[in-house]
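The values are calculated or read from the model by the stated rules, or taken from the named source; none is laboratory data. The model shown is predicted, which means the values in this text are computed figures rather than measured ones. In this analysis, Cβ positions are derived from the backbone assuming ideal geometry, glycine residues included, and neighbour counts consider all displayed protein chains.
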Amino acid sequence: MTPLTAHPSPRFGGETDLPGDKSISHRALILAALANGTSRITGLLASDDVRATEEAVKAFGAHVERDSEGAALVTGRTWQSPAEPVDCGNSGTSARLLMGAAAGFEGLAATFTGDASLSSRPMDRITQPLRRMGASIDGGETLPLDLIGARLGGIDYASPVASAQVKSAILLAGLRTDAPVRIVEPRPSRDHTEIMLAQFGVEGGVEEVEEGVAITLGEQRRLTATELHVPGDPSSAAFIWAAAAMIPGARVTTRGVLVNATRTGFIEKIEEMGAAVTLDNHVLRSGEPVGDVTVAHDRLEPVHVRPEEVPAMIDEIPMLACVAALAEGESVFEGIGELRVKESDRIGAVAAGLTANGVTAFATEDSLRVIGNGAVAGGRMVSTRHDHRIAMAFLTLGLAAKAAITVDNAEPIATSFPDFTALMRGLGAGIATR
Ligand code: S3P
């Protein structure tokens, strides 16, 4: 356990690049590992979660090296049984997407494991559809799970949750069958798998249907190696944007950040709350929209997040709830039950951390209310429950509170944003070991 303390930091601001998007990094490694030929990937995130995926694709037989510029060169292979269990660490995306990708290799046998947090997270949401397609998966509803790949059939699956991990697991498995593959999600989740499949030459379809949105795979399902750029991660940028929104006088520009509409919920909400937000240099790179986002402080109003808005800000809600603590009035977050099964129970962790630091917050099974009064007392320790986003959210809140906030363990930050402390310090944040 490594505690870390964030002190009030009235002179926050500047310009910065960002680490690569975590979701896109996982997908780039997995799709390249399935493709025919050698793909070149720039901007790949260097973090524990992405390393877990990289080690896994190597164990399945892909070849990965770095060129002189640090880009990843990934050569795809027919996936083989790995010699050891596939350790997904803390990473739900690794576990769920890799199981989907491996499921269609006939006779491949692999055991998937993870840390204590990942081993308590629901896997039935992917094992059910993958079994329906023909994969054999043993071991109950949580990791460790034993998978034996098979010749798969198609599927027409109505997912009960709007989860990109579920959708992606099915699409990746579907690459290994000729049969029709269709997934209906109740609400659109992040679409990076669909966008990246097109970069590798695999087209699909998307249409709005009465039950939500239907995603289908086209007939051409062979992947051809390609060049890819991984843009900056808006889920990491959210901490920087939040600090700029909360600290009077602050103004920050984040360069080259992903602005895909399935991920922009947080930036739209802080703009709605009163922060000044601008987007410059908007371009398309590797099929994804990217730009420079500038955020400047202004007086903050409370926020209302409705269930249909949640998928586009699913990982940013802990940070948004902390920002809401600095607004004057009641903010409401509805339909956020999925946060209970993330790296920690994030509704419980946020409510406890806010309450400890003098903010009134009420949680139900799938909602949160935060009663802001324009200032946060701070001064207390927050239990991060081994969750990177809880640690970063409360350290960021500490920069804008009246007294320093300490998190009990900063180690999990390495799963998604190892440079968090250095980058925030470079912008003027007073983050220190005490
Ligand atoms: C992710 C999807 C989200 C998100 C997770 C990354 C992905 O999970 O919370 O951090 O890369 O597909 P769900 O799709 O399960 O909501």
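The table below gives the values:
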| read-out | value |
| --- | --- |
| Leading residue by the ranking (farthest from the ligand (Cβ to nearest atom)) among those in segment 146-164 that are of a type outside the set (Gly, Ala, Ser) and surrounded by fewer than 23 Cβ atoms within 10 Å (Cβ to Cβ) | Arg151 |
| Candidate set: segment 299-322, residues that are charged (D, E, K, R) and touching a strand residue (DSSP E or B) at 6+ places or on another chain (Cβ under 8 Å); chosen: the one farthest from the ligand (Cβ to nearest atom) | Glu301 |
| Test: residue in segment 323-332 that is touching a Cys at 6+ places or on another chain (Cβ under 7 Å) and either more than 28 Å from Ala116 (Cα to Cα) or buried (at least 20 other Cβ atoms within 10 Å of the Cβ) (or both) | no |
| Top-ranked residue in segment 395-413 [being of a type in the set (Gly, Ala, Ser) and over 20 Å from the mean Cα position of the chain (by Cα); ranked as nearest to Ala46 (Cα to Cα)] | Gly398 |
| Residue within segment 268-280 that is closer than 26 Å to Pro8 by Cβ, in contact with a Gly (Cβ under 8 Å, 6 or more places away or on another chain) and of a type in the set (Lys, Arg) present | no |
| Hits in segment 251-287 - residues which are of a type in the set (Ser, Thr, Tyr) and within 22 Å of Pro188 (Cα to Cα) | Thr262, Thr264, Ser286 |
| Which numbered condition Arg132 fails, given (1) in a helix (DSSP H, G or I); (2) within 16 Å of the ligand (Cβ to nearest atom); (3) touching a residue at least 24 places away in the same chain (Cβ under 8 Å) | (2) |
| Residues (surrounded by fewer than 21 Cβ atoms within 10 Å (Cβ to Cβ), without any contact (Cβ under 8 Å) to a residue 60 or more places away in the chain and away from the ligand (no atom under 15 Å from the Cβ)) located in segment 185-202 | Gly201 |
| Criterion violated by Ala46 - all others in (1) without any contact (Cβ under 8 Å) to a residue 40 or more places away in the chain; (2) under 16 Å from the mean Cα position of the chain (by Cα); (3) away from the ligand (no atom under 16 Å from the Cβ) satisfied | (1) |
| Some residue of segment 121-141 being among the hydroxyl-bearing types (Ser, Thr, Tyr), assigned by TED's automatic domain parsing to the domain that holds Thr177 and closer than 24 Å to Asp48 by Cβ | no |
| Elements of type strands (runs of 3 or more DSSP E) contained in segment 235-335, each with 2 or more residues being of a type in the set (Val, Ile, Thr) and assigned by TED's automatic domain parsing to the domain that holds Arg346 | 251-258, 276-285, 288-296 |
| Criterion: more than 15 Å from the ligand (Cβ to nearest atom) and either buried (at least 22 other Cβ atoms within 10 Å of the Cβ) or free of Cβ contacts under 8 Å to residues at least 12 places away in the same chain (or both) - qualifying residue of Gly205, Gly174 | Gly174 |
